[in-house]
Amino acid sequence: MGWRVSRELVVGFVFLGLLVSGLMVHYLLYSTPKEQNIQTLSRLTTFSSPSLSVAFYEPRLPSGNAMHPSYPSMPSLNKRGFIYAQ
Amino acid sequence: MHNNAFFHFLSLLLFKQKNKHIGAIFISVIIIFLLSSVLFISSSLQKSLQSMLKNQPDFTISRLQAGRAVDTPTEWIEKIVQIDGVSAVTPRVYGRYFFAPNENSFLIVGVDFFDEQSNRSLQELMETTDLKSFFAMPSMLVGEGVQKFMTAHYYSDSFSFKLPNGSFKKVAIAQQLPSSTNLIANDMIVMPLELAKEIFAMEEESITDIALNVPNDAEWDTIVGKLHLLFYDAQVIDKREISKAYKSLYNYKGGLFLILYLITIITFMLILYQRYSMVYSAEKKEIGILRAIGWSIQDILKLKFYETLVIVISSFILGVVLAYIFVFIFDAPLLQEIFLGGENLANSVVFVPTIEFGILGSLFLFFALPFFASVLIPVWKIAVTPPKEAML
C-alpha cells in the first residue's frame, strides 16, 4: 500500500527542496573575480583591514597594542580592552 | 497505529489547522532570518579579511616617541635587511587626510609603483586607464566612497589637498577602484609614495612604517627580539595580532546578536508553552478527543512531534534561505551598516558567500530543542490526564 499524504504537504516539501538546491547551486558556482580584485588591491597596498566607518576602531593605523618590552608605554585609548580581557 | 493512516492524518491536520501554525512559522522565520543574516555577514567578512591577511606583511615596525607612533627613519631599513631570515623589507607611507569642513577623512596610501610586483597589481586594477597618463601628472586611485564624496563636493576630476604649510596640491583622479574592493578601499586613496609624502609633508628620510616578512614561522619570536634589541624606540606589530583583532571584532558584534536571539527565542518558547498549557486551549480539547477515541499517549506525542518537526524544518530552511538571499544576493542593505559603520564615508560592500555549516547546525539545535520542549512537555502533561478532564 502506497504512502498517502496531502498534496499540499508534498508541494511544500518540494518547494523547500528547490530553495535548498538553489542556494547550494549559487554557493558552489559563485564566481570569484570579485574576490580577486580585492586580493590584488590588498597585495598592492599591503593593507587588509576593513574600511570601517567607525571612530573607535582603526586597525590600519598603529594601534599601540604591541609594546616594547623594555620601553613600555600607555596603551592607546581606542582599544576594546574593556570588552575583552587581554 | 498504522503508519500510513497516521501520516495521512498528520498531513491533513497540518493543513486543516494552518492558521494556527502560520503565526509560529512566521515568528520562527523572522528569528532565524535575523540571526542567520548576522552570522552570514560576520563569517563572510571574517573569511574575506583572513584570506587578505595572507598578502599582509608578517611584521610592521614603526617608531614610538612619547608613547605615540611617529615617522620612522629610512635608515632603519638598511639595518633590518641585515637580519638573517628577513625578506621583503618595504617602506610604507600612509595616514589620514582630514577634510575639515565635513569632518570626514580619507586613508592615503603611498605605493612604490616602481616595484615590479606593485606595478603588475596596478595594471590589473587599472583596466581602463592608461598607465602613462597616470604617471605623467600627479594622479591617484580613489575608493568608491571617496569618489562619491569628492563628486558631491564638485571635485569630479581632481582634488586639491591642503598641505600642512598652507599651500595646495592638485592631484588628478585617474580612476575609481572597483566597487568589489569596498571592504578595504571605500575611504582609501592610492597614490605614488613620493606624492603621499609630499601631502603629509614628511621629510625625505622618513616613512610611516616598515613592513617585512619572515618566511620561517619558527623564527618569528627571535626576529621580534632582534628588532627590539636593534631599536629601543620601536613598536613591532605582527600579523597574528591583526588576525586576532578581526576575529574579536566580528565575534563581538555577532555575540551581541546572539544575546538578542537568546532573549527572543526564550520569549517565543514561553508563548508557545503557554499556548499549549492554557486551561481552555483548543489544543487541550483536541488531545482530549484523540485520547477519548483510543489514541495512546505515545501516539499523541508522536503526532505532536512530527507536527512540530515539519514546522521547525520549514521555518529553519525558509529563514536560512531568505537570509542567504538577503546577504549574498542583495548585500544585506541596512544590516551591513551595523558591521561597517556610517560615521565617516558611507560604505557598501559585496559579501562573498560563506556558509559555516557547524554554526548553522548549532543554530538549528538551539532553535529546535527549545521548540520541541515547549510543545511536547505541555502536550505530555495534557495527554496523561484523563480525557474527560482534558476536554473540560
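No lab work stands behind these numbers, since they all come straight from the coordinates. A quick note: this is a predicted structure, and the numbers were derived from the prediction, not measured. Neighbour counts are summed over all protein chains in view; Cβ atoms, including those assigned to glycine, are modelled from backbone coordinates with ideal geometry.
Taking the Cβ-Cβ separation of B:I329 and B:F366 as r and a Förster radius of 25 Å, what is the calculated FRET efficiency to the nearest 0.05?
Computed FRET efficiency for B:I329 and B:F366: 0.45.
As an exercise, take the mean of 1/r over every pair of distinct alpha carbons in the protein assembly as shown, invert it, and state the Kirkwood radius in angstroms.
26.3 Å
Could you state the number of Å between the C-alpha centres of the stretch B:314-392 and the stretch B:1-80?
So the two Cα centres are separated by 13 Å.
Taking H placed 1.01 Å from N in the peptide plane, check which residues at least 5 places from B:S158 or on another chain put their amide H under 5 Å from its amide H.
Answer set, sorted by chain and number: B:I173.
For the charge dipole of chain B, defined by +1 on Lys and Arg C-beta atoms and -1 on Asp and Glu C-beta atoms about the Cα centroid, which residue among B:Q235, B:I377, B:N119 has the Cα displaced farthest towards the positive pole?
So the residue we want is B:I377.
In straight Cα distance, which lysines are under 24 Å from B:K132, not counting same-chain residues fewer than 8 positions off?
B:K169, B:K170, B:K197
Please check: in the Gaussian network model of chain B (C-alpha springs, under 10 Å), which one of B:V379, B:V352, B:V93 has the largest mean-square fluctuation.
B:V379
Can you put B:T72, B:T264 in order of Cβ neighbours within 10 angstrom, beginning with the fewest?
Sorted ascending by nearby Cβ count, the order is B:T264, B:T72.
Kindly put B:Y246, B:Y155, B:Y324 in sequence by how many other C-beta atoms sit within 10 Å of each C-beta, fewest to most.
Sorted ascending by nearby Cβ count, the order is B:Y155, B:Y246, B:Y324.
Considering every Cα-Cα pair within the stretch B:59-213, what fraction, in whole percent, is farther apart than 29 Å?
Of all Cα-Cα pairs in the stretch B:59-213, 20 percent lie more than 29 Å apart.
Length gain on complete extension for the stretch B:E103 to B:D130, per 0.36 nm per residue less the alpha carbon to alpha carbon distance?
Length difference between fully extended and current span is 6.4 nm.
Please give me the summed charge of the neighbours of B:V214: other residues whose Cβ is under 14 Å from its Cβ, Lys and Arg +1, Asp and Glu -1.
Neighbourhood net charge equals -3.
Taking neighbour counts of Cβ atoms within 10 Å as a proxy for exposure, in what order, fewest first, do B:M202, B:M52, B:M137 appear?
Fewest-to-most Cβ neighbours within 10 Å comes out as B:M137, B:M202, B:M52.
Please enumerate, by chain and number, the aspartates and glutamates with C-alpha under 20 Å from the C-alpha of B:K247, excluding those fewer than 8 residues away in the same chain.
B:K247 reaches A:E35, A:E58, B:D58, B:D238, B:E337, B:E356.
What is the distance, in nm, between label points placed 7 Å from the Cα along the Cα-to-Cβ direction at A:R4 and at B:V81?
With each label placed 7 Å out from Cα toward Cβ, I get 8.7 nm.
How much length is gained on full extension from B:K20 to B:K381, taking 0.36 nm per residue of separation minus their Cα-Cα distance?
127.9 nm
For chain B, how big is the tail of P(r) above 36 Å, as a whole percent of Cα pairs?
Above the 36 Å cut-off, chain B has 47 percent of its Cα pairs.
Subtracting the Cα-Cα distance from 0.36 nm times the residue separation, let me have the gained length for B:K247 to B:I297 in nm, one decimal.
13.1 nm
Considering amide H positions built from the backbone, and no H for Pro or chain starts, which residues 5 or more places from B:D58, or on another chain, come under 5 Å of its amide H?
B:L212, B:N213, B:V214
At a Förster radius of 22 Å, what calculated FRET efficiency corresponds to the Cβ-Cβ distance of B:F305 and B:I271, to the nearest 0.05?
0.65
With a 10 Å cut-off between alpha carbons and a GNM built on chain B, which of B:K285, B:K197, B:K148 moves the most?
B:K285
Which residue fluctuates most in the GNM of chain B (Cα springs below 10 Å): B:Q176, B:Q65, B:Q46?
Maximum fluctuation in the GNM of chain B, among the listed residues, is at B:Q65.
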